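The values are calculated or read from the model by the stated rules, or taken from the named source; none is laboratory data. A quick note: this is a predicted structure, and the numbers were derived from the prediction, not measured. Please note: Cβ atoms are built from the backbone with ideal geometry, for glycine as well, and neighbour counts cover all protein chains shown.
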Amino acid sequence: MRRPLPTDAEAREILSRRRTRPAPRPTPKAGRALQGLIKELDGKFGRGAAALEPRWREIVGDRLARVTRPQKLTRGRGGAGGTLELRVAGPAALLVQHQSEDILARVNLFLGAGSVDRLRIAQGPVKPPSDIAAAPIRRPAAQPLAAHEEAELKAALEAAPEALKGPLERLGRAVLGDPEKGRDRSGR
């Protein structure tokens, strides 16, 4: 014998009496779930040389960032300050050694007071940071020539072969109008 299906009113009444399973809670975000572990590990080991690399130019300045790279940061025992190992281009090692106190102060400002006590210098090739290497060197534009200089340049190029007139004229304009040479407009 088949049982008849309940009507809409009976179905609502049955569902209101029956307990349903609560909706599952969404999983916590990975950052929130690992926050305690990350804090513990950061307190134990701190930030290493990898944390210094992206901000190295800001920490030591353009001049030193071109010739140095942070390689390794070792922590001292018992909470004592650690040692920062820098990779330095050979000729700049003496410069870095003389500025070591300033570098240590700047690194400690970034990592926290007392994080680094010593600096170890390892000489070797250093690849310049991409933001410094990619910056083009801009020269100031040549100033326009005075009328008498323009006439002298044209007269000097009359005897030149046709294929060389254009390049020689550009060269002459660059030399005569170069502000870095320090010549004043009277030709002195």
Restricting segment 60-112 to residues that are more than 21 Å from LYS127 (Cβ to Cβ), at pLDDT below 90 and among the hydrophobic types (A, V, I, L, M, F, W, C), the residue that is nearest to the chain's Cα centre (by Cα): PHE110
query: So which residues in segment 1-38 are surrounded by 10 or more Cβ atoms within 10 Å (Cβ to Cβ) and among the small types (Gly, Ala, Ser)?
result: ALA11, ALA33
- request: Consider ALA155 carefully, then state whether it is assigned to a helix (DSSP H, G or I) and either modelled with pLDDT of 90 or more or exposed (fewer than 10 other Cβ atoms within 10 Å of the Cβ) (or both).
  value: yes
- request: Only residues in segment 55-72 that are closer than 11 Å to ILE103 by Cβ count as the first member; pair them with residues that are among the aromatic types (Phe, Trp, Tyr) and surrounded by fewer than 19 Cβ atoms within 10 Å (Cβ to Cβ), Cβ under 8 angstrom, at least 6 apart or cross-chain, and list the lot.
  value: ILE59/PHE110
field: Hey, LEU119 at pLDDT below 90, in the same structural domain as ARG55 (by TED's automatic domain parsing), in contact with a helix residue (DSSP H, G or I) (Cβ under 6 Å, 6 or more places away or on another chain) and outside any helix (DSSP H, G or I) or not
entry: no
Qualifying residue in segment 122-130 (condition: at pLDDT 90 or above, surrounded by 13 or more Cβ atoms within 10 Å (Cβ to Cβ), touching a strand residue (DSSP E or B) at 6+ places or on another chain (Cβ under 7 Å) and assigned by TED's automatic domain parsing to the domain that holds PRO70): yes
- request: Name every residue in segment 46-91 that is surrounded by fewer than 16 Cβ atoms within 10 Å (Cβ to Cβ) and acidic (Asp, Glu), in order of residue number.
  value: GLU53, GLU58, ASP62
